[in-house]
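What follows is one structure encoded as structure tokens, with my remarks underneath.
The values are calculated or read from the model by the stated rules, or taken from the named source; none is laboratory data. Values in this document were obtained by computation on a predicted structure and should not be read as measured data. Cβ: placed from backbone, ideal geometry, glycine included. Neighbour counts: every protein chain shown.
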Amino acid sequence: MEAVRPQIAGQLEKEKSWWADHRAVTLSNGLRLISVARPGTPTVAVRAYVRAGSRYDAEERLPDSSRPALGLAHLTEHLLFKGTKSRSQQEIFAAVERMGGALNAGTTKEYTTLCAVMPRHDLRVALSVVAELLTEPALREADVWNEKLVVLEEIRRARDQQGVIHDLFSQTLWKAHPFRHPVHGTLEALGELDREALVAFHRRRYVTGSTVLVVCGDVDHQEVCQLADEAFGSLPAGPEQLPAPVEEDLSRGILEAIDMDSYKSEKKKTIRIQLPDEDAEIGPVPTSAGGHKPEPELDRLSNIIKAFNEQFGNIPWTDADRVHRLITEEIPTRVAADTAYSNARKHSDKQNARIEHDKALARVMTALLQDDTELFKQFSDNQGFRKWLCDTVFGMTYENLDAAG
């Protein structure tokens with residue numbers, strides 16, 4: 001035992017020695033920089049900490065709602081890695097990986113972090129890449145749709161993993177504090193988040209006052225300051241944004257029972273209609289048979305289903321009947337009830353009504369994200385399907401107004 005103590009003491013002194021050689025400065029644009037020199041280390045790590053964690057979701061609001069934008073910080077972090085205004089995602093990763101480096105990012109309740117680890121002679125590349133991701137994200141509409149699907153799957157997987165105990169603990173401990181919400185947000189809020197919310201959050205949070213840059217490796221402090229000043233010169237200036245204070249009595253509610261049923265996996269049983277011919281299609285709605293719909297409307301629905309089968313019948317829908325019902329009934333009904341679209345139909349011309357219609361349809365499709373991932377994915381990824389659905393639903397809903405008038 002006595003022989004081990006000097007070894008432990010020596011290791012502690014070694015650990016303290018590398019941390020002792022660090023500098024903390026504020027660059028010309030207000031960005032705080034910490035550089036840690038570790039001579040002999042073959043790699044250099046560049047990490048940016050931005051005060052843009054999930055706790056700040058509670059200070060934002062969902063579009064057209066007073067509810068908190070849960071999951072906004074996490075979704076924004078996902079979009080940072082989808083390319084910048086000057087380079088694609090593939091080009092950015094290639095610039096790092098061809099040097100033997102790695103890129104990573106993450107969201108916690110306090111911070112969003114971006115990190116690049118490179119060979120020590122590629123410090124300039126590491127700094128420039130992290131700076132570009134922070135300051136010039138493309139934040140494209142199509143990427144927002146795609147990353148929602150990724151986050152949706154993350155949320156579903158999280159409910160089946162042991163880490164759910166942390167969410168349970170937080171929700172039991174905190175009743176009002178934003179720490180009670182999971183970092184990835186909720187399915188309901190995810191469906192309503194849009195590009196405008198992400199752009200506004202990034203513009204507001206990703207500023208010098210809310211960011212700390214840390215560089216560690218075999219580096220020279222003066223060189224780090226110079227290169228960081230050059231790379232991060234375009235990071236917008238802004239004050240440090242501290243979280244809004246929340247007072248809460250932690251002695252209340254800590255022993256309340258937890259509803260474990262709400263965390264069971266949400267699995268749906270899908271019933272698939274088996275046709276005698278595996279390649280067969282569901283035919284148009286017959287207009288001669290009895291029913292509650294007028295014949296002209298049945299003709300129109302029949303033509304819609306026929307057009308759908310001709311153009312998209314090759315897609316392996318899990319439940320084709322449900323997709324038909326959504327397209328011909330539920331989606332048009334929801335779109336027609338949208339307030340902004342309804343006002344545009346009544347008080348504006350057809351061109352402006354179409355603009356509001358497409359926005360309303362996007363909101364409706366996003367709301368279907370939780371239950372109809374398959375249909376949402378086609379709407380997001382398949383431009384042909386998206387255009388067809390926009391034209392079809394607009395025709396149904398805009399004509400209905402004319403008929404009613």
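Worth pointing out:
- Filtered by the rule that a residue be farther than 19 Å from R55 by Cβ and at pLDDT below 90, segment 189-223 gives G191, E192.
- Residue among E330, E356 that alone is within 19 Å of K377 (Cα to Cα), at pLDDT 80 or above and not hydroxyl-bearing (S, T, Y): E330
- Restricting segment 123-155 to residues that are among the charged types (D, E, K, R) and out of contact with any Ser or Thr (no Cβ under 8 Å at 6 or more places or on another chain), the residue that is nearest to H181 (Cα to Cα) is E154.
- Condition check for G101: over 15 Å from the mean Cα position of the chain (by Cα) and surrounded by 17 or more Cβ atoms within 10 Å (Cβ to Cβ): yes
- Residues of segment 170-207 classified as closer than 30 Å to V36 by Cα and out of contact with any Lys or Arg (no Cβ under 8 Å at 6 or more places or on another chain), total: 5
- Residue in segment 111-123 that is assigned by TED's automatic domain parsing to the domain that holds R38, among the basic types (K, R) and free of Cβ contacts under 8 Å to residues at least 24 places away in the same chain present: no
- Residue list for segment 220-248, filter: among the polar types (S, T, N, Q) and under 18 Å from K109 (Cβ atoms): Q241
- In the set (1) under 18 Å from the mean Cα position of the chain (by Cα); (2) assigned to a helix (DSSP H, G or I), the condition left unmet by A52 is number (2).
- Residues of segment 189-224 classified as touching a Leu at 6+ places or on another chain (Cβ under 8 Å) and not β-branched (V, I, T), total: 14
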